[in-house]
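Presented below is the structure to which this report refers.
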Amino acid sequence: MSTVTGAGLKATSGTLAAGRYLAVVGVCGLALLFIFSASLSLLSHDGWMFGDYFSQIPRDGNAEWYRNFGGRSVPQIQDQDIFYSNVGSSVAAAKSADIIFLGPSFVSYALDRRTLEAAPQFDQLKIYNMAFVGLRGGEFSRRVINRWKIHPPLWVINADDQFVHFFSNDLNVTLGPQKMPIVAVERSRLRGYLTVVGRNLHWRIEDLVAAFKSGQFTQTGLYRNIANGDMGLDANPSYVAQGNKPMLSARDPNCHTTQAIIDYARTLLKEIGGRVVLTLVPHSQSCVQQADELAKALNLELVAPPFDGMTTVDGGGHLDRNGAERYTSFLVREIVKTEAFKQAFPNRFSATK
């Protein structure tokens with residue numbers, strides 16, 4: 001039989017009192033955060049709601065989109081924390097996809113959703129764009145895939161090698177002139193969520209300060225779609241403009257893959273599973289030779305559209321809408337012919353003629 005001394009009772013009572021105090025402080029803190037966020041949203045006239053996650057900044061009141069790239073003074077991006085810490089429904093949407101595209105911002109600019117949805121066979125599949133703006137290497141994508149067990153039947157991976165190859169362990173983000181480590185991978189899930197909330201509050205404060213100075217509230221930044229991963233590039237006048245410059249290659253075609261890239265690619269492909277098709281989005285520094293060598297070394301099929309008729313939003317880095325329509329049309333037409341596509345969906349369609 002055990003006994004509890006008076007000192008023990010006092011200690012237990014003190015612990016309970018401290019716990020209640022911390023709980024009250026926590027609840028009050030959350031309430032103040034909620035009120036502060038709601039007040040900022042109402043002042044911003046951005047149609048605030050709980051949406052996909054608390055503090056989300058919707059696009060013109062549409063909660064299917066969240067502000068992904070913003071910052072009126074220092075550029076910041078949300079989706080690294082969104083995906084790594086599984087904030088909202090973006091990861092769930094990716095997990096339910098039939099086909100997932102991987103790569104840097106070249107892929108975000110190159111995929112035209114209307115063309116994807118209108119293409120035969122593709123119109124019956126769920127296509128998710130899991131490209132990341134500012135990330136050249138695929139190590140971050142690999143970690144997100146493994147952490148949340150994202151395994152679609154088919155991957156389409158942009159085998160690009162500008163600055164660093166996609167198939168590399170590079171864990172840096174480049175936004176504007178700044179290159180820095182991806183700190184999202186160092187955060188716990190709770191800290192990642194709080195970082196997203198804090199970043200949205202910071203952006204809203206910046207919006208209100210700008211509105212106070214100009215006398216008019218205007219939304220800024222780029223938004224990402226929760227359900228399909230697309231970036232809202234139509235907000236960029238250059239992207240939708242007619243008469244943009246043609247895409248021209250400025251790269252020496254004598255460029256090759258390396259054994260290190262091949263080895264990393266084999267490891268990544270083994271981990272993510274599923275069927276894989278490689279592609280190469282045309283830009284001024286893209287190299288088909290290295291992508292072709294890599295595809296042969298990995299025994300994969302490569303779909304690399306030619307430069308013909310491609311137009312660019314920024315003089316050679318990214319495709320515009322017309323270029324994206326042409327790229328996507330070529331891509332979907334060729335992908336359905338690949339063995340990887342047929343093996344990924346053996347019973348979904350009749351044989352391709």
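Return a yes/no flag: does the range 224-239 have any residue that is open to solvent by 70 Å² or more (accessible area, probe 1.4 Å), in a loop (DSSP other than H, G, I, E, B) and out of contact with any Lys or Arg (no Cβ under 6 Å at 6 or more places or on another chain).
Checked the range 224-239: no residue is open to solvent by 70 Å² or more (accessible area, probe 1.4 Å), in a loop (DSSP other than H, G, I, E, B) and out of contact with any Lys or Arg (no Cβ under 6 Å at 6 or more places or on another chain).
Anything in the range 295-329 that is crowded, with 20+ Cβ neighbours inside 10 Å and assigned to a helix (DSSP H, G or I)? List them, or say none.
ALA295, ARG321, ASN322, GLY323, ALA324, ARG326, TYR327, THR328
Could you run through the range 103-128 and say how many residues are within 23 Å of ARG142 (Cβ to Cβ) and open to solvent by 20 Å² or more (accessible area, probe 1.4 Å)?
Result for the range 103-128: 2.
Taking ALA260 as the residue in question, decide whether it is open to solvent by less than 10 Å² (accessible area, probe 1.4 Å), modelled with pLDDT of 95 or more and of a type in the set (Gly, Ala, Ser).
no
Return yes or no: is VAL156 surrounded by fewer than 23 Cβ atoms within 10 Å (Cβ to Cβ) and either touching a strand residue (DSSP E or B) at 6+ places or on another chain (Cβ under 7 Å) or not hydrophobic (A, V, I, L, M, F, W, C) (or both)?
no
Filtering the range 277-291 down to residues that are in a helix (DSSP H, G or I) and open to solvent by less than 50 Å² (accessible area, probe 1.4 Å), which residue is farthest from ALA344 (Cα to Cα)?
By that ranking, first place goes to GLN290.
Checking the structure you have, find out if any residue of the range 65-83 is aromatic (Phe, Trp, Tyr), open to solvent by 50 Å² or more (accessible area, probe 1.4 Å) and within 21 Å of VAL313 (Cα to Cα).
Among the residues of the range 65-83, at least one is aromatic (Phe, Trp, Tyr), open to solvent by 50 Å² or more (accessible area, probe 1.4 Å) and within 21 Å of VAL313 (Cα to Cα), which makes the answer yes.
Do we find that ASP207 is of a type in the set (Asp, Glu) and more than 30 Å from ILE145 (Cβ to Cβ) in this structure?
yes
ILE100: without any contact (Cβ under 8 Å) to a residue 60 or more places away in the chain, among the β-branched types (Val, Ile, Thr) and either out of contact with any strand residue (DSSP E or B) (no Cβ under 6 Å at 6 or more places or on another chain) or open to solvent by less than 30 Å² (accessible area, probe 1.4 Å) (or both), yes or no?
It is true that ILE100 is without any contact (Cβ under 8 Å) to a residue 60 or more places away in the chain, among the β-branched types (Val, Ile, Thr) and either out of contact with any strand residue (DSSP E or B) (no Cβ under 6 Å at 6 or more places or on another chain) or open to solvent by less than 30 Å² (accessible area, probe 1.4 Å) (or both).
Which pairs turn up if I take residues in the range 207-223 that are touching a residue at least 60 places away in the same chain (Cβ under 8 Å) and within 24 Å of TYR109 (Cα to Cα) and look for partners that are hydrophobic (A, V, I, L, M, F, W, C) and in a loop (DSSP other than H, G, I, E, B) with beta carbon separation below 8 Å, at least 6 apart in sequence or on another chain?
Listed pairs, sorted by first residue: LEU222/VAL133.
Grab the helices (runs of 4 or more DSSP H) fully contained in the range 64-162, keeping just those with 2 or more residues being more than 30 Å from CYS255 (Cβ to Cβ).
Fully inside the range 64-162 and qualifying: 79-84, 90-95, 113-118, 139-148.
Scan the range 159-217 for residues that are open to solvent by less than 30 Å² (accessible area, probe 1.4 Å), closer than 26 Å to GLY317 by Cα and among the aromatic types (Phe, Trp, Tyr) and jot them down.
PHE166, PHE167
Residue under question is ASN146, and the condition is that it be farther than 16 Å from ASP81 by Cβ and either over 15 Å from the mean Cα position of the chain (by Cα) or open to solvent by 20 Å² or more (accessible area, probe 1.4 Å) (or both); does it hold?
So ASN146 fits the description; yes.
Could you figure out which of (1) under 21 Å from the mean Cα position of the chain (by Cα); (2) closer than 24 Å to ASN146 by Cβ; (3) open to solvent by less than 30 Å² (accessible area, probe 1.4 Å) isn't true of GLY274?
(3)
Only one of (1) within 18 Å of ASP230 (Cβ to Cβ); (2) touching a strand residue (DSSP E or B) at 6+ places or on another chain (Cβ under 7 Å); (3) open to solvent by less than 30 Å² (accessible area, probe 1.4 Å) fails for GLY138. Which number is that?
(1)
The values are calculated or read from the model by the stated rules, or taken from the named source; none is laboratory data. Because the structure is predicted, anything quoted here is derived from the model rather than measured. A quick note on method: Cβ atoms are made from the backbone with ideal geometry, for glycine too, and the neighbour counts reach across all protein chains shown. The accessibility values were calculated without ligands, DNA or RNA, using every heavy atom of the protein model including side chains. Shrake-Rupley method; radii C 1.70, N 1.55, O 1.52, S 1.80 Å.
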